[in-house]
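The values are calculated or read from the model by the stated rules, or taken from the named source; none is laboratory data. If you're wondering where the values come from, they're calculated on a predicted model, not measured in any experiment. So basically every Cβ, Gly included, is an ideal-geometry build from the backbone, and we count neighbours across all protein chains shown. Accessible surface areas use protein heavy atoms only, side chains included; no ligands, DNA or RNA. Shrake-Rupley method; radii C 1.70, N 1.55, O 1.52, S 1.80 Å.
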Amino acid sequence: MTTETDQQVLTAMGLRLFQLYALFGSPTASWDIDSEATTSALGEHVEFLRKLEADGVMFMGGPFRAPDYEWDGSGVILVRARSLAHARELAEWDPLFRHGLRSYDVRGFQLNEGRLVLTVDLDSNRVGIA
């Protein structure tokens, strides 16, 4: 947890202290991209992500891919949650988690550096100027 003194030091350095949470998803032993159960749960997962995006909860997310673009079911979702406990609840609501196909390691992520010019909701094709 960042203390008040930590925040003062980081703020003095010009850092924004924009708190996000990272949901690192890993496939379980039940993951099988060729099974109907996984394919069905994956469809539910996409709908879940679309809702997080539409509700303004998801900051960004996507799969981890190997250099040959093979996918083992792993990925990350960055969310705007009220707390670490809330971020863990979001992970548990993911259909891939509920169907036993993915586990999550949930961590706080403090966004300090970078450049964002546009708000882009990729799935719904919405662009806004922030």
For this session: Can you give me the ranges of the strands (runs of 3 or more DSSP E) entirely in region 42-130 with at least 1 residues that are charged (D, E, K, R), modelled with pLDDT of 95 or more and open to solvent by less than 60 Å² (accessible area, probe 1.4 Å)?
Result: 102-111
For this session: Search region 70-99 for residues that are without any contact (Cβ under 8 Å) to a residue 40 or more places away in the chain and pair each with any residue that is in a strand (DSSP E or B) when their beta-carbon atoms are under 6 Å apart and the residues are at least 6 apart or on different chains.
Result: Trp71/Pro63; Arg88/Val106
Exercise. Mind checking which residues of region 23-41 are open to solvent by 70 Å² or more (accessible area, probe 1.4 Å), in a helix (DSSP H, G or I) and not polar (S, T, N, Q)?
Worked result: Glu36, Ala37
